[in-house]
Amino acid sequence: DQQVKQNSPSLSVQEGRISILNCDYTNSMFDYFLWYKKYPAEGPTFLISISSIKDKNEDGRFTVFLNKSAKHLSLHIVPSQPGDSAVYFCAAVNAGGTSYGKLTFGQGTILTVHP
Amino acid sequence: ETGVTQSPTHLIKTRGQQVTLRCSSQSGHNTVSWYQQALGQGPQFIFQYYREEENGRGNFPPRFSGLQFPNYSSELNVNALELDDSALYLCASSSPGEGGYTFGSGTRLTVV
């Protein structure tokens, strides 16, 4: 039962353009969502998060959009840079519940930004 | 502010053996969660420890067990290792209501 899905295994983008990574979820109890970036042989690095009471959160080049009715979120990176090339994971959690440490991850999307 | 540290970074074990992985949580975080990441997959939740007790568990058999110590550091123990246990094991620390989940760099376990 995959409660968080990233349906695009990979994405290739030209430097300077926008990268859009998508994520869908099925569990309506999720109330907090996070995006992580991961390089090989390293742990996931936190990028940006959004609470279910918001529909947008912005931090520099990174913006996350949440559509609760569609159970869909997306991460926009503008402008994309070659250093953004990595695996991106979407994660969700019921932060108000007792298992607030239980993040449910998607399968990841490999982003490649070409110079 | 110290981050999450895990040891060892790499480990090779033989099928049937037992292994212990260690994690020091980020300063100020009182909850530790462990994850298993197989190649090409997202991390899968193993269990969570809060105040030295397990208070959440994913779909992993009892041979996966853990401990949390008074200083909030933690251990993951795996008994009777199987080949499919080969993976990257990640530790994350957090605190309720804070919204921050910080990961360590992981331990790469290979079972031969």
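No value in this document is a laboratory result; all are computed from the given coordinates. No experiment lies behind these values; they were computed from the predicted model shown.
Around B:THR31, which amide H atoms from residues at least 5 apart in sequence, or from another chain, sit under 5 Å from its own amide H, with H modelled in the peptide plane?
Amide H neighbours of B:THR31: B:SER94.
Once you treat every alpha carbon in chain B as an equal point and sum by Debye, what is log10 I(q)/I(0) at q = 0.10, 0.15, 0.23 Å⁻¹?
-0.25, -0.58, -1.33
Equivalent ellipsoid semi-axes for the protein assembly as shown, as square roots of 5 times the alpha carbon gyration tensor eigenvalues: give them largest first, rounded to whole Å.
Details: eigenvalues 170, 82, 50 Å².
Equivalent ellipsoid of the protein assembly as shown: 29, 20, 16 Å, largest first.
Using θ = phi - 60° and the Karplus form 6.51 cos²θ - 1.76 cosθ + 1.60, what ³J(HN,Hα) does each residue of region A:101-106 get, whole Hz, x for Gly and Pro?
Karplus-based 3J(HN,Hα) across region A:101-106 equals x, 8, 8, 9, 9, x Hz.
Cα centroids of region A:1-71 and region B:1-20: how far apart, whole angstrom?
29
P(r) of region B:1-44 in 10 Å steps, Cα pairs, percent per bin?
Spelled out bin by bin, region B:1-44 gives 20, 44, 31, 5 percent.
In vacuo Debye scattering of region A:61-115, one point per C-alpha: log10 I(q)/I(0) at q = 0.19, 0.28, 0.29 Å⁻¹?
-0.82, -1.17, -1.19
Using the Kirkwood radius over Cα pairs, work out the Stokes-Einstein diffusion coefficient for region A:8-115 at 4 °C and 1.567 mPa s, in µm²/s as a whole number. Mind showing how you got there, number by number?
Working: Rh = 14.1 Å.
In µm²/s, the coefficient rounds to 92.
Considering amide H positions built from the backbone, and no H for Pro or chain starts, which residues 5 or more places from B:GLY100, or on another chain, come under 5 Å of its amide H?
Counting only residues 5 or more places away or on other chains, the set is B:SER95.
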